[in-house]
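The values are calculated or read from the model by the stated rules, or taken from the named source; none is laboratory data. Model, not experiment: these values are computed from the prediction. No Cβ is skipped: glycine too gets one built from the backbone with ideal geometry, and neighbour counts run over all protein chains shown. Side chains included, ligands, DNA and RNA excluded: accessible areas come from the protein's heavy atoms. Shrake-Rupley method; radii C 1.70, N 1.55, O 1.52, S 1.80 Å.
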Amino acid sequence: MPPEKKTSLRDRIPLRIYSSPPWRDQRPTWQDAKPALIEAALKRATARPSGNWFVAGASRDVVKGKPCGRTIAGQEVVLWRGPHGVLMAGSGSCPHLGAPLCDGAVAEGKLICRWHGLALEGKRFGAWTPYPAHDDGVLVWVRLDQVGGEEPLDAPVLPERPPAGSIDAVATLIGRCDPEDVVANRLDPWHGAWFHPYSFANLHVLETPTETEDRFLVEVTFRLAGKVGVPVLAAFSCPEPRTVVMHIVEGEGEGSVVETHATPISDGRTAVVEATIAHSDRRGFALARPAAGALRPVMKWAAARLWRDDLAYAERRYALRRTGRFPD
């Protein structure tokens, strides 16, 4: 029987002391971030089928006994928990006199309009239309066939996720842009260490998309404090037209994912719904799971901090496109 392999202190502690040049002395990446390369990756992403599914928010947003309202591509949508907690969805306007159903109530799985008490059970009622809905445990989705215009799919196209026992958090921000501007932001990994120096250091794009491997492979150190960080290898890919996923493929948290979903609200307004699903095989991670409720606000804060900057990027791209000034 071979001797048991000893685990070094370096292996047990994922943090590393790193060195990096000052921000202004980094190697410029503008020559690598070729507009044609980013645009080609964007076109491939937007050509993929979505089955007309749109992310409506976090699974935790839809609680028992209370309706949840959303506007998706100009359509009012209401979601609620039906019998046994099953996710239900439908048009957000009451078929009686047009009251906002998101202001109603839920009793015994029925959605009750607050204006006159009309109860809806998730079945067609006159002009009121139920929508297919899907709860993947982290996010809730609604299928809007009249908006998507594609061949419907029975379920949304989901990326590979870490196993059960992970910790997830969902952050939502809204910007003046289109979904393609959000996706294009994520398909430009070269801006990371320049635009987010507080979060990323020593970022190197190792691989760009090819016909056989349509992904970006990035080496980067996530900064924590001072010169302490966590180096990882991350892959960026698009499983469907409004989603970009970052998979940690090597390093601490291998198997973890960050899913960035872009949901249109109306013309020129988009919701960025970012789900961080953290995983680690380390014993300390298992001990941290009971504290997931305390960790989620920190995870959401980190995602929101990045997206406050990245929405400025997406909004600028949108403004340039709308006025015909976006560089060719």
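Observations, loosely collected:
- Residue check: R10 meets all listed conditions (1) modelled with pLDDT under 95; (2) among the basic types (K, R); (3) in a loop (DSSP other than H, G, I, E, B) but one, namely (3).
- Residue-level check: of (1) touching a Phe, Trp or Tyr at 6+ places or on another chain (Cβ under 8 Å); (2) within 27 Å of R48 (Cα to Cα); (3) open to solvent by 40 Å² or more (accessible area, probe 1.4 Å), T71 misses just (1).
- Taking region 307-328 as the range and being among the hydrophobic types (A, V, I, L, M, F, W, C), open to solvent by less than 30 Å² (accessible area, probe 1.4 Å) and within 18 Å of the chain's Cα centre (by Cα) as the test, the residues that pass are W307, L311, A314.
- Cβ-Cβ contacts under 6 Å between residues 6 or more apart (or on different chains), taken from a first residue in region 79-90 that is within 19 Å of L144 (Cα to Cα) to a second residue that is exposed (fewer than 12 other Cβ atoms within 10 Å of the Cβ), are listed as R81/K64.
- Matching residues, region 278-306, being open to solvent by less than 50 Å² (accessible area, probe 1.4 Å) and among the hydrophobic types (A, V, I, L, M, F, W, C): A278, F285, A286, A288, A291, A292, M299, A302, A303, A304, L306
- Number of positions in region 214-238 that are outside any strand (DSSP E or B) and either surrounded by 20 or more Cβ atoms within 10 Å (Cβ to Cβ) or in contact with a strand residue (DSSP E or B) (Cβ under 7 Å, 6 or more places away or on another chain) (or both): 3
- Of the strands (runs of 3 or more DSSP E) lying entirely inside region 239-328, the ones with 3 or more residues being of a type in the set (S, T, Y) are found at 257-266.
- Close pairs (9 angstrom Cβ cut-off, 6 or more residues apart or separate chains): more than 17 Å from R308 (Cα to Cα) in region 255-284, charged (D, E, K, R) and in a strand (DSSP E or B) anywhere: I265/R70; I277/D168; I277/E259; A278/D168
- The condition of being in contact (Cβ under 8 Å) with a residue 40 or more places away in the chain and closer than 30 Å to P189 by Cα does not hold for A133.
- Contacts under 7 angstrom Cβ, first residue in region 194-220 being of a type in the set (S, T, N, Q), partner open to solvent by less than 50 Å² (accessible area, probe 1.4 Å), 6 or more apart: S199/L306; N202/Y18; N202/S20; N202/V220; N202/T221; T208/L37; T208/F216
- In the set (1) in a helix (DSSP H, G or I); (2) acidic (D, E); (3) open to solvent by less than 50 Å² (accessible area, probe 1.4 Å), E180 fails one condition alone, (3).
- Residue check, V245 modelled with pLDDT of 95 or more and surrounded by 14 or more Cβ atoms within 10 Å (Cβ to Cβ): yes
Residues are listed down the side, and each one gets a yes or a no for (1) part of a loop (DSSP other than H, G, I, E, B); (2) modelled with pLDDT of 95 or more; (3) under 30 Å from A225 (Cα atoms); (4) open to solvent by 50 Å² or more (accessible area, probe 1.4 Å):
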residue: M1; (1), (2), (3), (4): yes, no, no, yes
residue: E4; (1), (2), (3), (4): yes, no, no, yes
residue: A40; (1), (2), (3), (4): no, yes, no, no
residue: A45; (1), (2), (3), (4): no, yes, no, no
residue: F54; (1), (2), (3), (4): no, yes, no, no
residue: G57; (1), (2), (3), (4): no, yes, no, no
residue: H96; (1), (2), (3), (4): yes, yes, no, yes
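- Selection of region 113-127 for residues being open to solvent by less than 60 Å² (accessible area, probe 1.4 Å), modelled with pLDDT of 90 or more and either over 14 Å from G98 (Cα atoms) or not in a loop (DSSP other than H, G, I, E, B) (or both) yields A119, L120.
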